[in-house]
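Following: one structure in structure tokens, then a few remarks.
The values are calculated or read from the model by the stated rules, or taken from the named source; none is laboratory data. Since the model is a prediction, treat every value here as computed from it, not as a measurement. Methodologically, a virtual Cβ is constructed for each residue, glycine included, from the backbone with ideal geometry; neighbour enumeration extends over all protein chains shown. SASA here: full protein model, heavy atoms, side chains in, ligands and nucleic acids out. Shrake-Rupley method; radii C 1.70, N 1.55, O 1.52, S 1.80 Å.
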Amino acid sequence: MKRLSFTAASENAGQRIDRSLAELAGLSRSAVQGLCETGSVLVNGSPCGKKLILREGDAVELILPDPVSLEVLPEEIPLEIVYEDDWLLVVNKPKGMVVHPAPGNYTGTLVNALLWHCQGSLSGINGVIRPGIVHRIDKDTSGLLIVAKNDKAHQGLAEQIKAHTFTRKYEAIVQGHFREASFTVDAPIGRSPSDRKKMCVTQKNSRNAITHVEVLAELPGFSHVECRLETGRTHQIRVHLAYLGHPVLGDLVYGPKKPVIQTAGQCLHARTIGFVHPRTGEELFFSSPLPEYFTGALKQLQGSR
């Protein structure tokens, strides 16, 4: 068991305990909320709820339980490696593959495959469940993902993401047409109050989220677009496009439950990634071709002209 102590500063005053403590302790808000529910967060010596509002000078104590051992096993799963050196690798993830183990998906993930391929040589910053994972893409999103082989690489790449100098461009097919050929969506994203598994545009308990969109082509009833992430919130592109009334084709979570046309799944592909190599300082850019499920949907729509 480990105990962490903090004193609420002026910038923490007026904030909820879960938000402030997540930033101070480097934990997720959901993790802090779970600790509040078990009485493991004390303010001025007393257990507190997750919604408690801090005051300047409050004495905050966090009791962290001993870590639970969870073994994630290497699995010999084929990977499409776009680039690899001693510090990092870039993987072209297929649609349908989960990035890291989670309830219901402890095998067959990208992490299981990476542990086999890299023979355990992965950064440990994100713990046993997410070794090497600097950023992630959804299970039903295909495309490029960068993996760190050591902690220095992980830290260098994470700093670029935080500074918004890490290039991530996606292509998507979305419902409807846009008035402008290019535009920016600047709308904060947080957990949906009605469905904890979903995200939504909201001012409450949210984080800023910015997506730059360019229309590549108009199709009958749909648009082929490129989305460049400035921030990287959970489900950001899907949430932003659905918020505008243009959900990603095949997205059954944020779009219609019954697809407008039949496709092989969600048409969202992480096509381009660019970054500065954390060791050499070299600027690297990689692009992957659109997969068959995506080009098949484009041909289907183009044939309906």
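Restricting Glu11, Glu56 to those that are under 28 Å from the mean Cα position of the chain (by Cα), open to solvent by 30 Å² or more (accessible area, probe 1.4 Å), farther than 30 Å from Gly108 by Cα and acidic (Asp, Glu) reduces the list to Glu11.
When the residues of segment 79-115 are filtered to those that are touching a helix residue (DSSP H, G or I) at 6+ places or on another chain (Cβ under 8 Å), open to solvent by less than 20 Å² (accessible area, probe 1.4 Å) and β-branched (Val, Ile, Thr), the one that is farthest from Phe275 (Cα to Cα) is Val99.
Among the candidates Leu42, Leu35, the residue that is touching a strand residue (DSSP E or B) at 6+ places or on another chain (Cβ under 8 Å), surrounded by 19 or more Cβ atoms within 10 Å (Cβ to Cβ) and within 30 Å of Arg16 (Cα to Cα) is uniquely Leu35.
Can you name the residue in segment 136-165 that is among the hydrophobic types (A, V, I, L, M, F, W, C) and open to solvent by 10 Å² or more (accessible area, probe 1.4 Å) and, of all such residues, is nearest to Leu298 (Cα to Cα)? Applying the filter and picking the extreme gives Ile161. Against the numbered list (1) touching a helix residue (DSSP H, G or I) at 6+ places or on another chain (Cβ under 8 Å); (2) more than 23 Å from Ser142 (Cβ to Cβ), Ala9 comes up short only at (1). Selection of segment 239-285 for residues being assigned to a loop (DSSP other than H, G, I, E, B), open to solvent by 20 Å² or more (accessible area, probe 1.4 Å), in contact (Cβ under 8 Å) with a residue 12 or more places away in the chain and under 23 Å from Gln160 (Cβ atoms) yields Pro278, Arg279. Going by the conditions given, is Ile237 among the aliphatic types (A, V, I, L, M) and either out of contact with any His (no Cβ under 9 Å at 6 or more places or on another chain) or farther than 23 Å from Arg136 by Cα (or both)? The answer is yes for Ile237. Would you pick out the residues in segment 169-191 that are of a type in the set (Ser, Thr, Tyr) and crowded, with 16+ Cβ neighbours inside 10 Å? Tyr170 - this is the single residue of segment 169-191 that is of a type in the set (Ser, Thr, Tyr) and crowded, with 16+ Cβ neighbours inside 10 Å.
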